[in-house]
1. Let me make sure I get this right: for the range 4-155, a, b and c are the square roots of the gyration tensor eigenvalues over alpha carbons, sorted descending. Under 1.5 in a/c it's rounded, otherwise prolate if a/b > b/c, else oblate. Which is it?
2. Among 436-443, 572-579, what's the highest-first ranking by average C-beta atoms within 10 angstrom per residue?
3. Between HIS19 and ARG188, how many nm apart are label points set 7 Å from Cα along the C-beta direction?
4. Using 0.36 nm per residue of separation minus the Cα-Cα distance, give me the extension gain between GLU404 and LEU349 in nm, one decimal.
5. Among 9-15, 181-187, 21-27, what's the highest-first ranking by average C-beta atoms within 10 angstrom per residue?
6. Excluding residues fewer than 8 places away in the same chain, name every one of the aspartates and glutamates whose C-alpha is closer than 16 Å to that of LYS495.
7. Students often check this: by mean Cβ neighbours within 10 Å, which of 460-473, 214-227 ranks highest, and how do the rest follow?
8. Could you tell me which of the pairs LYS47/LYS524; LYS428/LYS583; LYS92/LYS297; LYS194/LYS260 are separated by over 29 angstrom between their Cα atoms in the structure shown?
Amino acid sequence: MDNRLAFLQTVAPFNTLPHDVLAGVADLLQEVVHPRQVLLYQQDASKLRHLDIVVEGAYETFFYDSQQHKRLPEVYGPGTCYGGMSILLNKKRSLRTVVAGKGTRVLQLPRREFRALCLAYESFFHYFTARYGERMLDEEYAHFVKPAGPPSDNFLVADQLFSRRIETLEVRELVTSPATEPIFAVARRMAAAKVSCLFVTEPATGAILGYCTDITLRDSVIARQLDAARPVRDVVATPVVSISSTAYVYEAILLMFQTKTRYLLVERGGEYVGFLSRNKLLSDLAQSPFMFIQAVKLAQGTPELKRRWEMVPDIVNQLLSRGVRPEIVNQVISTVADTIALRVIENVLAVQGPAPARFVFMVLGSEGRQEQTLVTDQDNAIIYEDKANEQREVVRAWFLRFAEAVSDELNHIGLHFCTGGFMAKNPKWTHSLSHWKRNYQQWMSDSSPETVMQMATFFDCRYLYGDQPLMQELQEFLRQELARPLDRFLFYMAKNALQYEPPLTFFRGFRTFEQEGHKVFDLKKTMSPIVDLVRVYALKNQVFSTNTGERLAELRERGVFREQEYQELLQAYYYLMGMRLKKQARQLIDDRTAPTNYLDPKTLTQVEQVTLKEIFKVIGDFQLKIKVGFTKTL
């Protein structure tokens, strides 16, 4: 389309935006042509990544009922938008099923930029919310639309986003270079500082003339085959745009659209104190856990990593309140923890220098299974390659210093030391590959309650950083060891899974103990038999997935568990996990107390109590199966 700007001026609600903002929006649009009758979105399933503006053809939209009949068909023709209500009010899921009509051509506006416009222009935002409200007055329409979360949970109607000032944000530190510096030297400076934007200054006065970005280097230097020895002044990008630290966040977003800049200098007291990146700013404002994880990746230094980790309970609470499955919430927590650990490892390596040998930093236990909760600590270990005798002590000493630095930093951030000592900083759990092979061999041949507990922890290990082939070699060794007769080993593993009995009395009441004046039971210990018994079957059948749900699925595929057994165990485990996560989040957010795994049955509804009792019966039945299958006794 030759004149996107003219077209946008005919499309509601874009025709309400100022001309200069609309010009910036036009540059962001991507044109897409759809084949006829192709399915574009499925109702309440497909995630929308952009707002679609129909230019030619049409979107045929409708709801499917339970019999797959089309209900409430509606056509979106040229000059109409689809996806606004879905993005804002249905957790980004398409409200309707959408099929492309003949000759359909659309312009797509990325979701983040669409949300930013809604933040900046109230009338633009209310166009979509008002339409949603009108539609929901139709009883049949409302029947097919799943209810959204309460307004306070919605990204765009949170008052804090309109009242938050830039001074509450962590602005990025300025990296500068004089205009006379060669382009290649500027690129090296950017690489050393790990920044994608560097500000160019006037050598005599220090005044900022413009900026140089990764895109500048790509488009103005590499693409044009420009001599990299030329001064950076020749490729500097403009304009230089600044904003006061006392301005509101939405004003910064508005200014970025108006000036078509991705970077804003932040001014305080007549001096530049840092800058804002549009991508990072929009990421910070989004409540999507995936955008939150991206923000963790972009975190600058330990204080910001610590602040991000402290935000996790709020993320967990939002996800659970919106009906996200507990197993997904587990993975979000684990992914955030992984991302933080990776940043810490990279930072420590930057300080200590390159490792003297190839190595793997692995995570264990609940973190290894990607089943972390908000009561979590460090569980990790290190494998490094074998070295010649004269180098062994030097190499080992380096890795122990490295492990201690990583563990101390993680502890400072909030991922606390493991009370059981299962950490790489413990000399028992940082070893060469050959030593780790001997460990696994000993645990399986000299089986005892203590070695079984160690094997259980280290069977749930997962690669995090380093040379993955080292870990693959260790797993291949373990596979060979598990192929040998292991009756005694499996006997003790089974005994470990039977240590804890579900807290259900003979008369189907709850077996509790006293904790701070309340009768409670331990949710973590209640879940442990499921983790343990699934691990026993995984070991016996050489299933090397670490996640309990994935292990269950693979064991079902191999015929170890029947479909009904699989469903019962899966539902039981994740029902308990959801209850545990929700309780911990509320303790942190509402009570401002350290989270625990203790639950008072009196705080549960009648339905929850009945459900728990049925779950305890399921666990008891499977423990009986383990007694018969592995210990040959009732």
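FYI, it's all coordinate maths here, none of it is from the lab. For clarity, every value in this text was computed on a predicted model and none was experimentally measured. For neighbour counting, all protein chains shown are included, and Cβ atoms are generated from backbone atoms with ideal geometry for every residue, glycine included.
1. Values: a/c = 1.94, a/b = 1.21, b/c = 1.61.
Since a/c reaches 1.5 but b/c is at least a/b, the shape of the range 4-155 is classed as oblate.
2. Details: 436-443: 17.8, 572-579: 20.8.
Ranking, from highest mean packing down: 572-579, 436-443.
3. Once both label points are built, they end up 4.8 nm from each other.
4. 18.6 nm
5. Numbers: 9-15: 15.1, 181-187: 19.0, 21-27: 17.4.
Ranking the peptides 9-15, 181-187, 21-27 by packing returns 181-187, 21-27, 9-15.
6. Here the aspartates and glutamates satisfying the reach criterion relative to LYS495 are ASP446, GLU450, ASP487, ASP532, ASP621.
7. 460-473, 214-227
8. The answer is LYS47/LYS524; LYS428/LYS583.
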